[in-house]
Amino acid sequence: MSIKNTLETAKKLGITLKNLKTFPGHDGMEAFDADICVNGKKVLHAYDSAHGGCYEFTPIGQDYKLAREVEADLEDKIKAFPEHETVFGGRSHTTKDTLECVIGALVSNATFQKDIKRDSKKGLLLEVESGYELLKWKAGTIPNMIKKFGKDKVVALIQSEYLKTKQTILNKEYLESIGVKF
């Protein structure tokens with residue numbers, strides 16, 4: 001599922017997450033706990049136990065009335081954005097975002113970025129529709145290959161693989177740090 005439009009909505013509204021913690025939820029689903037911020041200010045707390053149903057939005061302080069007003073205000077602002085196309089289950093659909101969609105997209109993106117950081121030294125991370133695939137070598141991770149064969153040879157190998165691929169490389173920052181030119 002493409003979440004780019006939903007993430008763009010979050011960016012335009014200044015919605016971010018702080019103190020995000022993910023953990024195993026019901027039946028292996030990913031659960032989360034996070035603070036919702038608008039323009040850097042904490043406004044709500046979000047929780048999902050992954051048992052099905054809606055996310056729980058609670059106040060940062062004790063003012064539940066204010067929390068419901070903030071939630072309703074965010075929902076209204078999100079509803080003002082147009083419907084957009086998304087792909088789910090191999091089929092294209094038009095959808096309208098909600099606060100849950102935006103928070104879910106932010107959680108998914110944070111998890112995705114964490115995975116990219118974890119895997120960035122293992123090989124080339126190539127973007128695919130469902131995330132990324134890892135192009136790795138039998139010789140091991142990039143740091144191990146540098147130890148075995150030297151930085152220049154490894155950089156040359158990565159350069160040649162990069163020139164062959166038409167896919168977007170997601171770990172460019174790390175690769176540039178070892179000398180690969182894009």
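The values are calculated or read from the model by the stated rules, or taken from the named source; none is laboratory data. On a predicted model such as this, the values are computed, not experimentally measured, just so you know. A quick note on method: Cβ atoms are made from the backbone with ideal geometry, for glycine too, and the neighbour counts reach across all protein chains shown.
Taken together, GLU8, GLU30 contain a single residue that is at pLDDT 95 or above and of a type in the set (Asp, Glu), which is GLU8. Between THR86, THR94, THR111, the distinction of being surrounded by 13 or more Cβ atoms within 10 Å (Cβ to Cβ) and not in a helix (DSSP H, G or I) belongs to THR86 only.
Restricting attention to the range 160-182 and to residues that are loosely packed, with under 15 Cβ neighbours inside 10 Å and assigned to a helix (DSSP H, G or I), the residue that is nearest to the chain's Cα centre (by Cα) turns out to be GLU173. Looking across the range 89-117 at every residue that is among the β-branched types (Val, Ile, Thr) and in contact with a Leu (Cβ under 7 Å, 6 or more places away or on another chain), the one that is nearest to LEU7 (Cα to Cα) is identified as VAL107.
Among the residues of the range 145-156, is there at least one that is crowded, with 16+ Cβ neighbours inside 10 Å and within 30 Å of GLY90 (Cβ to Cβ)? No. Here LEU134 passes the criteria (1) under 30 Å from ILE15 (Cβ atoms); (2) in contact with an Asp or Glu (Cβ under 7 Å, 6 or more places away or on another chain); (3) free of Cβ contacts under 8 Å to residues at least 40 places away in the same chain except the one numbered (1).
Return yes when GLU127 is of a type outside the set (Lys, Arg) and outside the structural domain of LYS164 (by TED's automatic domain parsing) and no when it is not. Explain how you work it out, then say what you get.
Details: of a type outside the set (Lys, Arg): yes; outside the structural domain of LYS164 (by TED's automatic domain parsing): no.
Taking the combined requirement at face value, the residue does not satisfy it.
When the strands (runs of 3 or more DSSP E) confined to the range 1-81 are screened for residues that are crowded, with 16+ Cβ neighbours inside 10 Å and among the β-branched types (Val, Ile, Thr), those reaching at least 2 such residues are found at 15-24, 30-38.
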